[in-house]
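Undergrad: Sharing a structure with you now.
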Amino acid sequence: MGQHPNKIQVQTKKGQTGYGSMTFTWSALHAAPGDEIIWFSENGPFTLVFPDRSPFTGNPHRISAEHKTDTPQETENKDKMVLGPFVTPPLTVAAGASVYGIYYYAVALAAGADVFIDSGCPSVVID
């Protein structure tokens, strides 16, 4: 069972090239049944939306980040990594043959008075 932290970053400085651009550690995150995925951001609170179905146990379609303290958490490799301060709960990829495939999702992230949206580019690939 693997653990996959995925950082979401947004260029929030108005007037700079790339303003509003959203990037991910993994824009196409590959995982397997039983793996855990966590999204986090330093920019602000965010929500993920899987439009049709999600690959996770319980099939959640909307997943919102929780505000956490900015403390190091131990990853699978025993590395210390700062996740946050906005972090989703760990999501476990469901078991079974029907879960394999590509799952596109949208992200809405609030930073200050602005809301930034990436609707359809990022994905979770279960293989």
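Undergrad: Can you list the HN-Hα couplings for the stretch 29-42, worked out from phi with the Karplus curve (6.51, -1.76, 1.60; θ = phi - 60°), rounded to whole Hz and with x for Gly and Pro?
TA: Those phi angles translate into 7, 8, 8, 10, x, x, 6, 10, 10, 10, 9, 8, 8, 9 Hz.
Undergrad: So, one more: Give me the distance in nm between label points sitting 7 Å out from Cα along the Cα-to-Cβ direction at Ser119 and Tyr104, one decimal.
TA: 1.2
Undergrad: Report relative contact order for the chain in percent, whole number only (criteria: Cα-Cα under 8 Å, sequence separation at least 6).
TA: The value is 29 percent.
Undergrad: Using label points projected 7 Å from each Cα along Cα→Cβ, tell me how many nm separate Val49 and His61, to one decimal.
TA: 1.0
Undergrad: May I ask for log10 I(q)/I(0) of the chain at q = 0.14, 0.17, 0.20 Å⁻¹, from a Debye sum over the Cα atoms as equal point scatterers with solvent left out?
TA: Reported log10 I(q)/I(0), two decimals: -0.60, -0.87, -1.17.
Undergrad: While we're looking at this one, here's another question. Select from Ser54, Ser98, Ser21 the residue whose mean-square fluctuation is largest in a Gaussian network model of the chain (Cα-Cα springs shorter than 10 Å).
TA: Ser98
Undergrad: Can you put Lys7, Lys13 in order, fewest other beta carbons within 10 Å first?
TA: Final ranking by Cβ density, sparse to dense: Lys13, Lys7.
Undergrad: Given a Förster radius of 25 Å and the C-beta distance between Gln9 and Ala32 as r, what FRET efficiency does 1/(1 + (r/R0)^6) yield to the nearest 0.05?
TA: 0.45
Undergrad: Let me ask something additional. Toward the positive end of the charge dipole of the chain, about the Cα centre and with charges on Cβ (Lys, Arg +1; Asp, Glu -1), which of Trp26, Asn43, Pro122 goes farthest?
TA: Highest projection toward the positive end goes to Asn43.
Read-outs: derived from the displayed coordinates by stated rules, not from any lab. If you're wondering where the values come from, they're calculated on a predicted model, not measured in any experiment. Cβ sites come from the backbone with ideal geometry, for glycine too, and all protein chains shown count toward neighbours.
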